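Each remark here refers to the structure printed beneath this line.
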Amino acid sequence: MGRVSHPDFQDGKLPVGPSEIAAQGESHTPSGNKPYVTPRALTTAEVKGIVTDYANAAKRARDAGFDGVELHAANGYLIDQFLRDGSNQTHR
């Protein structure tokens, strides 16, 4: 989910994003709505690792007999955050 996640879902750690730019609004957490926090910017090496994670997950799905894999890459989630000037000031 990138910057639209919350530390409550990350064992207290900051969510990650392309840049240290907080989203506007609130996250729906188990203990109620809380303001989005400023994410930790991913390094280039971490981005490469996430790409590898996506590839490995798709391979495992295929090996398990799935017909296809769909990446949720719109509406402000992590992949979309890299495509937006408002959330990506680092990786261009």
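The values are calculated or read from the model by the stated rules, or taken from the named source; none is laboratory data. Just so it is clear, the model here is predicted, and its values are computed rather than measured. So basically every Cβ, Gly included, is an ideal-geometry build from the backbone, and we count neighbours across all protein chains shown. SASA here: full protein model, heavy atoms, side chains in, ligands and nucleic acids out. Shrake-Rupley method; radii C 1.70, N 1.55, O 1.52, S 1.80 Å.
For region 54-87, the candidate set comprises residues that are in a loop (DSSP other than H, G, I, E, B) and of a type in the set (Phe, Trp, Tyr); within that set, the residue that is surrounded by the fewest Cβ atoms within 10 Å (Cβ to Cβ) is 66.
The set of residues in region 34-53 being over 12 Å from the mean Cα position of the chain (by Cα) and either charged (D, E, K, R) or not in a loop (DSSP other than H, G, I, E, B) (or both) consists of 34, 35, 44, 45, 48, 49, 52, 53. Residue 90 meets each of the listed conditions (1) in contact (Cβ under 8 Å) with a residue 40 or more places away in the chain; (2) β-branched (Val, Ile, Thr); (3) loosely packed, with under 12 Cβ neighbours inside 10 Å apart from (3). Selection of first residues in region 45-74 that are closer than 20 Å to residue 4 by Cα and of second residues that are of a type outside the set (Gly, Ala, Ser) and loosely packed, with under 12 Cβ neighbours inside 10 Å, restricted to Cβ pairs under 9 Å at least 6 apart or on distinct chains, gives the following pairs, ordered by first then second residue: 54/71; 73/83. A search for C-beta distances below 7 Å between a residue of region 1-26 that is on the phi > 0 side of the Ramachandran plot and any residue that is open to solvent by less than 70 Å² (accessible area, probe 1.4 Å) and of a type in the set (Val, Ile, Thr), counting only pairs 6+ apart in sequence or on different chains, returns 2/16.
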